[in-house]
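The values are calculated or read from the model by the stated rules, or taken from the named source; none is laboratory data. Since the structure is predicted, the reported quantities are computational estimates derived from the model, not experimental observations. No Cβ is skipped: glycine too gets one built from the backbone with ideal geometry, and neighbour counts run over all protein chains shown. Side chains included, ligands, DNA and RNA excluded: accessible areas come from the protein's heavy atoms. Shrake-Rupley method; radii C 1.70, N 1.55, O 1.52, S 1.80 Å.
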Amino acid sequence: MPELPEVEVFRREFAARGLGKMIEGVHLIAPRSLRGATGEALRAALEGDRFAGVARHGKILFARTARGPTLVIHFGMTGALRFCAAGQAAPKGALLGLTFAGGPLCAVVSQRRLGWLELTDDRLAYLRERGIGPDALSLSARDFAERIGAGRGSLKTALMDQSKIAGIGNVYSDEILFRAGLAPRSKGRDLSREGLEALHRTLRAVLEGAVGILASGAELPPDWLARHREAGAACPRCGRPLRRERIGGRSAYSCPRCQRGGAG
DNA sequence: CATCCTGTTGAGGA
DNA sequence: TTCCTCAACAGGAT
């Protein structure tokens, strides 16, 4: 379930366990998941080098080698980063397995193979070329208001638009709007300046809170909407039935009673 | 057997 | 221009 908080946890684990060690083996298990490069090029870019840094932008992970090339990882809907003991077989659904000298096996897993891998020499150029917006946690309140405040479409869709803000998906967009008390179909341009500032604060609180919780190894608490995304579930705040509706082709969960803001 | 799904992309239309 | 829906991508859960 990788949105910004999950990918940030992957980044931290990669930073702790994947940096500075010689990359001994590069096993491209799902060749079709590598875009714009051949398996040989991937091996040439990584093997024998070491990772010198790892960055996250939105839901994308960038692992930079000391020599320069950067491995770009998109996790798709069900992807994850897994570190296994050396010598262990790559987990089921692995796209790529990396073995480090004297260290663990790092596997990029995407069970439904909706994740993918790329190589780039320039992370910022990569983001620019693809039109990815600023990361949700490095966005100023002013920038947030400019990008969201004029929107004529639903707030939920706007929050999930990676060209506006990078990192938020279906689950956390619902969570942010729930915490903000805004209906998912309400529109950015119907919010006041204060409303936009409050929504931005809520966005930060939800994402930073989730990172802290997930990084500690815990799951999101039961008073989060994310724990109740299923038919017949009750609102964790007021106990009334949650609403499920289709917005932008995705299932949106909300509480009709607690989320009456935004004229939605 | 049918339906649903946390992401992304492109087509087509209002 | 902007925004919407749909289909496709693949495989597993229900």
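For A:Lys164, go through the lysines and keep the ones whose alpha-carbon is under 28 Å away, minus same-chain ones fewer than eight residues off.
Answer for A:Lys164, where 28 Å is the Cα cut-off: A:Lys59, A:Lys156, A:Lys187, listed by chain and number.
For chain A, what is the accessible area per residue in Å², given a 1.4 Å probe and the full set of protein chains? Mind dumping the intermediate values first?
On the way: 12320 Å² over 264 residues.
For chain A, the solvent-accessible area averages 47 Å² per residue.
Taking chain A as a Gaussian network, where each spring joins two C-alpha atoms under 10 Å apart, which residue of A:Leu137, A:Leu81, A:Leu127 fluctuates the most?
In this elastic network of chain A, the residue with the biggest mean-square fluctuation among A:Leu137, A:Leu81, A:Leu127 is A:Leu127.
For the range A:48-153, with only Lys/Arg (+1) and Asp/Glu (-1) charged at the beta-carbon, what is the dipole magnitude about the Cα centre, in debye rounded to 20? Could you put the intermediate results ahead of the total?
Numbers: 15 positive and 8 negative charges, 59 e Å.
Charge dipole of the range A:48-153: 280 debye, to the nearest 20.
What percentage of the solvent-accessible surface of the range A:141-254, computed with a 1.4 Å probe over protein heavy atoms, is contributed by carbon and sulfur atoms? Write out the running numbers ahead of the final one.
On the way: 2420 of 5360 Å².
Accessible surface attributable to carbon and sulfur in the range A:141-254 totals 45 percent.
Could you check which residue among A:Gly102, A:Gly133, A:Gly167 shows the biggest mean-square fluctuation in a GNM of chain A with a 10 Å Cα cutoff?
Top of the fluctuation ranking is A:Gly102.
So which residue, out of A:Asp223, A:Asp174, A:Asp143, gets the largest mean-square fluctuation from a GNM of chain A using Cα contacts under 10 Å as springs?
Evaluated over chain A, the most mobile residue of the options is A:Asp223.
Based on the alpha carbon coordinates of the range A:1-131, what radius of gyration and maximum Cα-Cα distance (Dmax) apply, in Å?
My reading of the Cα-based Rg and Dmax gives 13.2, 40 Å.
Where does helix A:193-215 land angle-wise versus the long Cα axis of chain A, in degrees 0 to 90, nearest 10?
40 degrees
Take A:Ser140 and A:Glu40, extend 7 Å from each Cα along the Cα→Cβ direction, and tell me the distance between the two endpoints in nm.
Distance between label points: 4.9 nm.
In Å, the Kirkwood hydrodynamic radius of chain A over pairs of distinct alpha carbons? Can you show the working numbers first?
Numbers: mean 1/r = 0.0513 Å⁻¹.
Hydrodynamic radius (Kirkwood, Cα only) of chain A equals 19.5 Å.
Please give the calculated 222 nm ellipticity per residue for chain A, where each DSSP H segment of at least 4 residues contributes -39500 (n - 2.57) and the sum is spread over every residue; nearest 500 deg cm²/dmol? Let's see the in-between values first.
Numbers: 7 runs with 77 residues, N = 264.
Computed ellipticity for chain A at 222 nm equals -9000 deg cm²/dmol.
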